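Chemist: This structure is in structure tokens; I'll ask about it shortly.
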Amino acid sequence: MSTNSTIENINTPKNAQLTSILSHAVKAYGPGLIFCSGCTPHDSALTIVEGGIKEHTEQVIRNLTNVLESAGSSWEKVVKVNVYLTDMNEFGAMNEVYERMLPSPKPARTCVQVVKLPGGADVEMECIAAI
């Protein structure tokens, strides 16, 4: 826990450790929210998993699941997701995996195309969840 007892930094050992630059999530006890950092399709060794956008989206969702569970939450409590794609032509394939893997009702969502993502990723997602 940080020095402020209403804020807790969360880092799961299941994901790559980047604690020098970010926390996997920050839990804010006052409002009861968890703010998850963006996850890319990297495994714990920082290697992008094999495959295309569908496999990459699955890995991103698995990585966010690890973070949510470490923070004491789940996809059922996610209220907002931001999706970043390097190619909006991949929206349909990403959305197919998203729809299959996330519980209903789905959270609010924004999806935008970006020029470039860290580590050569083609998809990144971040989310906000209730505790």
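The values are calculated or read from the model by the stated rules, or taken from the named source; none is laboratory data. This one's a predicted model, so the numbers in the text were calculated from it and none came from an experiment. Ideal geometry is used to build each Cβ from the backbone, glycine not excepted, and the neighbour counts take in all protein chains shown. SASA here: full protein model, heavy atoms, side chains in, ligands and nucleic acids out. Shrake-Rupley method; radii C 1.70, N 1.55, O 1.52, S 1.80 Å.
Chemist: Check Pro107, Pro103 and return the single one that is more than 20 Å from Asn9 (Cβ to Cβ) and touching a Cys at 6+ places or on another chain (Cβ under 9 Å).
Modeler: Pro107
Chemist: Identify all residues within segment 93-113 that are over 14 Å from Val78 (Cβ atoms) and surrounded by 12 or more Cβ atoms within 10 Å (Cβ to Cβ); write none if there are none.
Modeler: Ala93, Met94, Asn95, Glu96, Val97, Cys111, Gln113 - these are the residues of segment 93-113 that are over 14 Å from Val78 (Cβ atoms) and surrounded by 12 or more Cβ atoms within 10 Å (Cβ to Cβ).
Chemist: Which residues, counting only those in segment 52-62, are in contact (Cβ under 8 Å) with a residue 12 or more places away in the chain and either open to solvent by 10 Å² or more (accessible area, probe 1.4 Å) or in contact with a Lys or Arg (Cβ under 7 Å, 6 or more places away or on another chain) (or both)?
Modeler: Initial filter on segment 52-62 (in contact (Cβ under 8 Å) with a residue 12 or more places away in the chain): 52-61.
Within segment 52-62, Gly52, Ile53, Lys54, Glu55, His56, Glu58, Gln59 qualify.
Chemist: Inside segment 32-50, can you point out the residues that are more than 24 Å from Val114 (Cα to Cα) and either in contact with a strand residue (DSSP E or B) (Cβ under 9 Å, 6 or more places away or on another chain) or not in a loop (DSSP other than H, G, I, E, B) (or both)?
Modeler: Gly32, Leu33, Ile34
Chemist: Still on this structure: Any idea which of Val79, Val49 is surrounded by fewer than 19 Cβ atoms within 10 Å (Cβ to Cβ), among the aliphatic types (A, V, I, L, M) and over 14 Å from the mean Cα position of the chain (by Cα)?
Modeler: Testing whether each residue is surrounded by fewer than 19 Cβ atoms within 10 Å (Cβ to Cβ), among the aliphatic types (A, V, I, L, M) and over 14 Å from the mean Cα position of the chain (by Cα) leaves just Val49.
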